[in-house]
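Colleague: For reference, the structure I am asking about is given below.
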Amino acid sequence: GAVVSQHPSWVICKSGTSVKIECRSLDFQATTMFWYRQFPKQSLMLMATSNEGSKATYEQGVEKDKFLINHASLTLSTLTVTSAHPEDSSFYICSAASYRGFSYEQYFGPGTRLTVT
Amino acid sequence: GENVEQHPSTLSVQEGDSAVIKCTYSDSASNYFPWYKQELGKRPQLIIDIRSNVGEKKDQRIAVTLNKTAKHFSLHITETQPEDSAVYFCAASLRGADGLTFGKGTHLIIQP
């Protein structure tokens, strides 16, 4: 149980274009999902919290107009990188909290590697 | 906001020996402390977690200890095996349902 998927697993796009990444919880409903970014050989940085049916909450320093988040259903959140530039090239990972036993645990998707040329 | 410090950045141990990774956090309101193992190019995998109402938790060769007063928690791996080689991240959050603040990671190398 507690499986999170992401699509696509990797994408190459040209500078100035937009890219959409999907995050799905496959066997549970997630009212809240999270988007992280991980640069090579670095840690994961929380970008935003995606809330089903309401606006996302962005971490300080993350441009909300550049990283558009939509949480349309209890199993799907999307991240759109708009007007992508080479510095946006990174590993984008989503997670969702699943209630296990007596409390929540977070499970991560497999990640999407974005390369902007 | 929360700040999580993790040490060491690289740890090399002989197969069969124990490995200890330490983390400190800054926000006394944090109550959830998971540890993740990440292999190159893969997703982080939850290996163990602890909540603030518990001081120690063990799962086979892996254990985590938490000292809320000192705001630090540690991962202990005993009888290390080659497949334990990976990058390990500690993290902290208010609750398990909240976004996580990660440490910078520890590259664990198990020498045969």
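Colleague: Which one of the conditions (1) β-branched (Val, Ile, Thr); (2) at pLDDT 95 or above; (3) in a strand (DSSP E or B) does B:Thr80 fail to meet, given that it meets all the rest?
Modeller: (3)
Colleague: Condition first: part of a strand (DSSP E or B), touching a strand residue (DSSP E or B) at 6+ places or on another chain (Cβ under 7 Å) and not β-branched (Val, Ile, Thr). Now tell me which residues in region A:67-90 satisfy that. Let's see the steps before the verdict.
Modeller: Going residue by residue through region A:67-90, those that are part of a strand (DSSP E or B) are A:67-73, A:76-81, A:90.
Adding the requirement that they be touching a strand residue (DSSP E or B) at 6+ places or on another chain (Cβ under 7 Å) leaves A:67-71, A:76-81, A:90.
Within region A:67-90, A:Phe67, A:Leu68, A:Asn70, A:His71, A:Leu76, A:Ser77, A:Leu79, A:Ser90 qualify.
Colleague: Between B:Asn67, B:Asn31, B:Asn3, which is closer than 18 Å to A:Met45 by Cβ and either surrounded by 17 or more Cβ atoms within 10 Å (Cβ to Cβ) or in contact with a strand residue (DSSP E or B) (Cβ under 9 Å, 6 or more places away or on another chain) (or both)?
Modeller: Details: B:Asn67 fails: closer than 18 Å to A:Met45 by Cβ; B:Asn31 fails: closer than 18 Å to A:Met45 by Cβ.
Going through B:Asn67, B:Asn31, B:Asn3 in turn, just one is closer than 18 Å to A:Met45 by Cβ and either surrounded by 17 or more Cβ atoms within 10 Å (Cβ to Cβ) or in contact with a strand residue (DSSP E or B) (Cβ under 9 Å, 6 or more places away or on another chain) (or both): B:Asn3.
Colleague: If a residue must be of a type in the set (Phe, Trp, Tyr) and more than 16 Å from A:Arg113 (Cβ to Cβ), how many such residues does region A:31-66 contain? Before you say what the answer is, go through the steps one by one.
Modeller: Looking only at region A:31-66, we keep the residues that are of a type in the set (Phe, Trp, Tyr), and these are A:34-36, A:39, A:58.
Those left that are additionally more than 16 Å from A:Arg113 (Cβ to Cβ): A:34, A:58.
So the answer is 2.
Colleague: What residue, of B:Lys22, B:Lys42, B:Lys57, is within 29 Å of A:Trp10 (Cα to Cα) and either outside any loop (DSSP other than H, G, I, E, B) or within 14 Å of another protein chain (Cβ to nearest Cβ) (or both)?
Modeller: Every option except B:Lys42 fails the conditions.
Colleague: Could I ask something else about it? Do we have any residue at all in region A:94-108 that's touching a strand residue (DSSP E or B) at 6+ places or on another chain (Cβ under 6 Å) and either among the β-branched types (Val, Ile, Thr) or more than 11 Å from chain B (Cβ to nearest Cβ) (or both)?
Modeller: No, region A:94-108 contains no residue that is touching a strand residue (DSSP E or B) at 6+ places or on another chain (Cβ under 6 Å) and either among the β-branched types (Val, Ile, Thr) or more than 11 Å from chain B (Cβ to nearest Cβ) (or both).
Colleague: Now a separate question. If you scan region B:73-84, which residues turn out to be among the hydroxyl-bearing types (Ser, Thr, Tyr), more than 25 Å from B:Glu2 (Cα to Cα) and crowded, with 17+ Cβ neighbours inside 10 Å?
Modeller: Applying the first criterion (among the hydroxyl-bearing types (Ser, Thr, Tyr)) to region B:73-84 yields B:74, B:78, B:80.
After this cut, where a residue has to be more than 25 Å from B:Glu2 (Cα to Cα) as well, the list is B:78, B:80.
Matches in region B:73-84: B:Thr80 only.
Colleague: Additional query: Filter region A:25-58 down to the residues that are charged (D, E, K, R) and under 29 Å from A:Gly101 (Cβ atoms) and list them by number.
Modeller: A:Asp27, A:Glu52 - these are the residues of region A:25-58 that are charged (D, E, K, R) and under 29 Å from A:Gly101 (Cβ atoms).
Colleague: Follow-up question, since we're still on this one. Tell me whether region A:37-51 contains one or more residues that are away from every other protein chain (no Cβ under 11 Å) and either touching a Cys at 6+ places or on another chain (Cβ under 7 Å) or within 30 Å of B:Val54 (Cα to Cα) (or both).
Modeller: yes
Colleague: Right, another one. The conditions are (1) in contact (Cβ under 8 Å) with a residue 24 or more places away in the chain; (2) closer than 28 Å to B:Ile47 by Cα, and A:Lys20 fails exactly one of them. Which is it?
Modeller: Among (1) in contact (Cβ under 8 Å) with a residue 24 or more places away in the chain; (2) closer than 28 Å to B:Ile47 by Cα, A:Lys20 violates only (2).
Colleague: Within region A:66-106, take every residue that is out of contact with any Gly (no Cβ under 9 Å at 6 or more places or on another chain) and among the aromatic types (Phe, Trp, Tyr) and give me the one that is surrounded by the fewest Cβ atoms within 10 Å (Cβ to Cβ).
Modeller: The selected residue is A:Phe102.
Colleague: Please specify each residue of region A:91-117 satisfying the condition of being more than 11 Å from the chain's Cα centre (by Cα) and either in a loop (DSSP other than H, G, I, E, B) or at pLDDT below 95 (or both). Break it down into steps so the answer makes sense when it comes.
Modeller: Quick first cut of region A:91-117, residues more than 11 Å from the chain's Cα centre (by Cα) only: A:97-107, A:113-117.
Residues satisfying the conditions are A:Ala97, A:Ser98, A:Tyr99, A:Arg100, A:Gly101, A:Phe102, A:Ser103, A:Tyr104, A:Glu105, A:Gln106, A:Tyr107, A:Thr117.
The values are calculated or read from the model by the stated rules, or taken from the named source; none is laboratory data. Remember, it's a predicted structure, so these values are computed and weren't measured experimentally. Note that we place each Cβ from the backbone using ideal geometry, even for glycine, and neighbour counts take in every protein chain shown.
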